[in-house]
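Enquirer: Sending over a structure as structure tokens; questions will come in a sec.
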Amino acid sequence: MTSSRRLSRDQAEQALASATPIPMNRGASPIPVTPLEGIDLGGSPSRLDLTALRHRALLLFVSLDCNGCEDVIAGLVAPELFGVGPGDEIIVIFRSLEDEQVESIASRLGGATCLISDTAFEAYGVSGPPFFAYVDPSLLTVFTEGVAWGTDSVASALRAAQSGAPSLEAPRLGFPHGKTTP
């Protein structure tokens, strides 16, 4: 260090060479983008690698037993109501479905992909439906997320994220069950 309490050029270069860069490719959420694993509506194992997508994906965590989910499920026949961009994928995730419920939901999906996965709820820190997460495959964490109060609220959050202002409805101060990560 010099007498003026500054690093010499060599010391500065050495410090910079050992520094770890702060990741800049993060979404508004602290939740990491991870693959989704579960079963499809046919009962076959399914794995969706969200980091391999070419476009963004809207994850909709819903249930047939949830009154607040009805508007979200009904909107699946018109994906533009959610504010998804061209080429964006919609993935509908149920924690569980009974055999007799599979047929009724299959006819209501529009072009959306469906996955039955309790682990997806856990991985994305979703304690209950209706909830959404918007994933950009170029980011390490979820782009934006929140309670899916209906197609209008989801569309509003997606438009804000698409315009460069992703935000969280409620910042995560912790994760379910006292964990510090999902």
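Any read-out appearing in this document is the output of simple, stated calculations on the displayed coordinates, not a laboratory observation. Please read all numbers here as calculations on a predicted model, not as lab measurements. Cβ sites come from the backbone with ideal geometry, for glycine too, and all protein chains shown count toward neighbours.
Enquirer: Rounded to the nearest Å, what's the spacing between the alpha carbon centres of region 97-140 and region 27-89? Just the number, please.
Expert: Measuring centre to centre over Cα atoms gives 5 Å.
Enquirer: Here's a follow-up. Would you calculate the separation in nanometres between label points at Ser96 and Ala12, each defined as 7 Å from the Cα along the Cα-to-beta-carbon direction?
Expert: 6.2 nm
Enquirer: Assuming 0.36 nm per residue, please report the length gained on full extension of the stretch Glu103 to His55 beyond their Cα-Cα distance.
Expert: On the way: separation 48, 0.36 × 48 = 17.28 nm, distance 2.84 nm.
Extra length from Glu103 to His55 when fully extended: 14.4 nm.
Enquirer: Mind running the shape call on region 32-182? Use the C-alpha gyration tensor, a ≥ b ≥ c as the square roots of the eigenvalues: rounded below 1.5 for a/c, prolate if a/b tops b/c, oblate otherwise. It would help to have the intermediate numbers written out before the result.
Expert: Working: a/c = 1.37, a/b = 1.18, b/c = 1.16.
Rounded, since a/c falls under 1.5.
Enquirer: Also, quick follow-up: Taking the Cβ of each residue in Arg54, Arg6 as the centre, tally the other Cβ atoms inside 10 Å and list the residues starting with the fewest. Working shown, then result.
Expert: Numbers: Arg54 7, Arg6 10.
Exposure proxy ranking, most exposed first: Arg54, Arg6.
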